[in-house]
Amino acid sequence: MTAGKLRSRLQFQKRGESDDGFGNAVTGEFETVFIDAAEIIPRMGSETVMASRLQGVQPYTIRVRSSSQTREIDATWRAVDQRSTAVYSIVSPPTNLDQKNAYIEFLATTGAQTDA
């Protein structure tokens, strides 16, 4: 794969933690950890039933260069496209497909209630 396919700029975010004033840790808003170039590959969409309503879910494969930062991403993170502001909920950990640590991929979705 060439670097020319990495056309999107994504903000990779995870939830911050703060103190509630009583010594308890509470999860906060999503905070940008780093920004990286990525290739976003659409996959076949589906509809799920949530709260007795159909909800369209569009899965994507996101491919990025492998680095110490991108290997930390897990299913609690999300990615936000800097140009379109689309929010991608990450649903799988990174996968090193070629086993050469050049690029990694993970599955993400849009349209789910967890995007908020």
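Odds and ends about this structure:
- Between Ile35 and Gln69, residue separation times 0.36 nm minus the direct Cα-Cα distance comes to 11.3 nm.
- Computed from backbone phi, the HN-Hα couplings of the stretch 16-22 come to x, 10, 9, 9, 7, x, 10 Hz, rounded to whole numbers (Karplus: 6.51 cos²θ - 1.76 cosθ + 1.60, θ = phi - 60°; Gly and Pro given as x).
- For the stretch 3-115, the C-alpha radius of gyration divided by 2.2 N^0.38 Å, with N the number of residues, is 1.16.
- Averaging the sequence gap over all C-alpha pairs within less than 8 Å and six or more residues apart, then dividing by the number of residues, gives the stretch 3-115 a relative contact order of 25 percent.
- Theoretical FRET efficiency, 1/(1+(r/R0)^6), r = Cβ-Cβ of Ala25 and Ser92, R0 25 Å, to 0.05: 0.45
- The phi-based Karplus calculation (6.51 cos²θ - 1.76 cosθ + 1.60; θ = phi - 60°) puts the 3J(HN,Hα) values of the stretch 67-76 at 8, 4, 6, 5, 6, 7, 5, 9, 6, 8 Hz, whole numbers, x for Gly and Pro.
- Phi-based couplings in Hz for the stretch 25-33 (Karplus 6.51, -1.76, 1.60; Gly and Pro marked x): 7, 10, 7, x, 6, 5, 10, 6, 9
- Near-label residues of the stretch 14-42 by backbone N, under 16 Å of a point 7 Å along Cα→Cβ of Gln82: 32-40
Each value in this text was obtained by applying a stated rule to the coordinates, not by laboratory testing. Nothing here was measured: the structure is a model prediction, and the numbers come from that model. Ideal geometry is used to build each Cβ from the backbone, glycine not excepted, and the neighbour counts take in all protein chains shown.
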